[in-house]
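The values are calculated or read from the model by the stated rules, or taken from the named source; none is laboratory data. Remember, predicted model here, so these are calculated numbers, not experimental data. Because the Cβ atoms are built from the backbone with ideal geometry, glycine has one as well, and the counts that use them run over all protein chains shown. Remember, those area values only see protein heavy atoms, side chains included, never the ligands or the DNA or RNA. Shrake-Rupley method; radii C 1.70, N 1.55, O 1.52, S 1.80 Å.
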Amino acid sequence: MQKGRSFEKQIEKVIEYIEKLGFHGHKNYAKRTSEGLYLEGECFDYEIFLPNRHDCFDAKESKTDTWHIVKKDIRQVNELKKCKNAGCNAYFLICFENKDVRMVDVDIVIEYLKQNKKNIKKQGLPKWDLIEYINNARTFKMA
């Protein structure tokens, strides 16, 4: 199985659920070389549209409690920051060890990079709040 594919399958299930509720989410498919180097297209993985909320994020996996930022992540930071500037929630969604999924806001990543730090530990990072938001949006839609 491709690296990160099981995590992506879980995100796809969330998107299917969002679609069933009458909202929208999708995976962006960027063109890449066989080595995975970005060529063109969106350089973050997912967009989700809910009432009063638009999320743009890239999914990552870490086998430890630390996410190691690599060169291609920096381009993603730049693109996600544009989304944040437009009023979107823009973040990296990291699946850490033991399937512990956390959000890292793009502005936090930028602060780390400004300090020449390229490792972010999961401690203190918020859990993915989207499911709770979906449930609240669903309640709102049904009312």
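Among the numbered criteria (1) over 19 Å from residue 26 (Cα atoms); (2) open to solvent by 60 Å² or more (accessible area, probe 1.4 Å), which single criterion is violated by residue 82?
Condition not satisfied by residue 82: (1).
Suppose we keep only residues that are touching a residue at least 40 places away in the same chain (Cβ under 8 Å) and under 24 Å from residue 87 (Cα atoms) within the stretch 53-68. Which one would you say is surrounded by the fewest Cβ atoms within 10 Å (Cβ to Cβ)?
Of everything passing the filter in the stretch 53-68, 53 is surrounded by the fewest Cβ atoms within 10 Å (Cβ to Cβ).
Regarding residue 80, is this residue farther than 16 Å from residue 55 by Cβ and in a helix (DSSP H, G or I)?
Working: farther than 16 Å from residue 55 by Cβ: no; in a helix (DSSP H, G or I): yes.
No: the conditions fail for residue 80.
Which of (1) in a strand (DSSP E or B); (2) more than 22 Å from residue 10 (Cβ to Cβ) is the odd one out, the single condition residue 35 does not satisfy?
Of the numbered conditions (1) in a strand (DSSP E or B); (2) more than 22 Å from residue 10 (Cβ to Cβ), the odd one out for residue 35 is (1).
Of all residues in the stretch 94-116, which are of a type in the set (Lys, Arg) and either at pLDDT below 95 or within 26 Å of residue 25 (Cα to Cα) (or both)? Give the derivation first.
At the first step, the residues of the stretch 94-116 found to be of a type in the set (Lys, Arg) are 99, 102, 114.
Residues satisfying the conditions are 99, 102.
Of all residues in the stretch 13-25, which are surrounded by 15 or more Cβ atoms within 10 Å (Cβ to Cβ) and under 17 Å from the mean Cα position of the chain (by Cα)?
14, 15, 18, 25
Would you point out the residue of the stretch 94-106, among those that are more than 9 Å from residue 128 (Cβ to Cβ) and part of a strand (DSSP E or B), that is most open to solvent (accessible area, probe 1.4 Å)?
The initial filter retains those residues of the stretch 94-106 that are more than 9 Å from residue 128 (Cβ to Cβ), namely 94-100, 104-106.
Retained after the next criterion (residues that are part of a strand (DSSP E or B)): 94-96, 100, 104-105.
Values: 94: 0, 95: 14, 96: 4, 100: 20, 104: 0, 105: 46 Å².
Applying the filter and picking the extreme gives 105.
Please enumerate the residues belonging to the stretch 71-83 that are farther than 30 Å from residue 21 by Cβ and without any contact (Cβ under 8 Å) to a residue 12 or more places away in the chain. So that I can check it myself, show each step before the final result.
Step one: filter the stretch 71-83 for residues farther than 30 Å from residue 21 by Cβ, giving 71-75, 77-78.
Scanning the stretch 71-83 gives 71, 78.
Taking residue 91 as the residue in question, decide whether it is under 13 Å from residue 128 (Cβ atoms), surrounded by 14 or more Cβ atoms within 10 Å (Cβ to Cβ) and either among the aromatic types (Phe, Trp, Tyr) or modelled with pLDDT of 95 or more (or both). I'd like the intermediate steps shown before the answer.
On the way: under 13 Å from residue 128 (Cβ atoms): yes; surrounded by 14 or more Cβ atoms within 10 Å (Cβ to Cβ): yes; either among the aromatic types (Phe, Trp, Tyr) or modelled with pLDDT of 95 or more (or both): yes.
Yes: the conditions hold for residue 91.
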